[in-house]
Amino acid sequence: MADTPDVRPVGDLPDAIGKTAARELSIRGITTLQQVADHSRKELLAIHGVGPKAIAILGDALTAKGLDHRDPG
């Protein structure tokens, strides 16, 4: 299996989300925490490579910026 290209850093998204999550979010035009906040956790979890760990890291980063997901679900 080929290595996942590391596109980090992606905007202001935390590098800790992992390179697959960063790549897949970037492909979908999600490159900032504000854009993450425009999506529900459920929508983000439906993206390949974005799992519970990435959601938790993104949630912490959103909270630190005074943001939250569009829908807590």
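The values are calculated or read from the model by the stated rules, or taken from the named source; none is laboratory data. On a predicted model such as this, the values are computed, not experimentally measured, just so you know. Here the Cβ positions follow ideal geometry from the backbone for every residue, glycine too, while neighbour counts run over all protein chains shown.
K42 fails exactly one of the following numbered conditions: (1) exposed (fewer than 13 other Cβ atoms within 10 Å of the Cβ); (2) under 9 Å from the mean Cα position of the chain (by Cα). What is the number of that condition?
Only one criterion is unmet by K42, namely (2).
Can you pull out every residue in the stretch 55-73 that is hydrophobic (A, V, I, L, M, F, W, C) and either closer than 15 Å to P9 by Cβ or loosely packed, with under 14 Cβ neighbours inside 10 Å (or both)? Break it down into steps so the answer makes sense when it comes.
Step one: of the stretch 55-73, the residues hydrophobic (A, V, I, L, M, F, W, C) are 55-58, 61-62, 64, 67.
A56, I57, L58, A61, A64 - these are the residues of the stretch 55-73 that are hydrophobic (A, V, I, L, M, F, W, C) and either closer than 15 Å to P9 by Cβ or loosely packed, with under 14 Cβ neighbours inside 10 Å (or both).
In the stretch 2-39, what count of residues is obtained for those that are exposed (fewer than 15 other Cβ atoms within 10 Å of the Cβ), modelled with pLDDT of 95 or more and among the small types (G, A, S)?
Counting residues in the stretch 2-39 that are exposed (fewer than 15 other Cβ atoms within 10 Å of the Cβ), modelled with pLDDT of 95 or more and among the small types (G, A, S) gives 1.
Quick one: how many residues across the stretch 37-73 are assigned to a loop (DSSP other than H, G, I, E, B) and not charged (D, E, K, R)? Write out each step before concluding.
Filtering the stretch 37-73 for residues assigned to a loop (DSSP other than H, G, I, E, B) gives 38-40, 46-51, 65-73.
Remaining after also requiring not charged (D, E, K, R): 39-40, 46-51, 66-67, 69, 72-73.
Residues in the stretch 37-73 being assigned to a loop (DSSP other than H, G, I, E, B) and not charged (D, E, K, R): 13 in total.
Restrict the check to the stretch 21-36 and report whether at least one residue is part of a helix (DSSP H, G or I), of a type in the set (D, E, K, R) and without any contact (Cβ under 8 Å) to a residue 24 or more places away in the chain. Show your work before the answer.
Quick first cut of the stretch 21-36, residues part of a helix (DSSP H, G or I) only: 21-27, 33-36.
Going one step further and asking which of them are of a type in the set (D, E, K, R), we end up with 23-24.
Applying the additional criterion that residues be without any contact (Cβ under 8 Å) to a residue 24 or more places away in the chain yields none.
Checking the stretch 21-36: not a single residue is part of a helix (DSSP H, G or I), of a type in the set (D, E, K, R) and without any contact (Cβ under 8 Å) to a residue 24 or more places away in the chain.
Is one or more of the residues making up the stretch 51-67 touching a residue at least 40 places away in the same chain (Cβ under 8 Å) and of a type in the set (V, I, T)?
So far as the stretch 51-67 goes, yes, one or more of its residues are touching a residue at least 40 places away in the same chain (Cβ under 8 Å) and of a type in the set (V, I, T).
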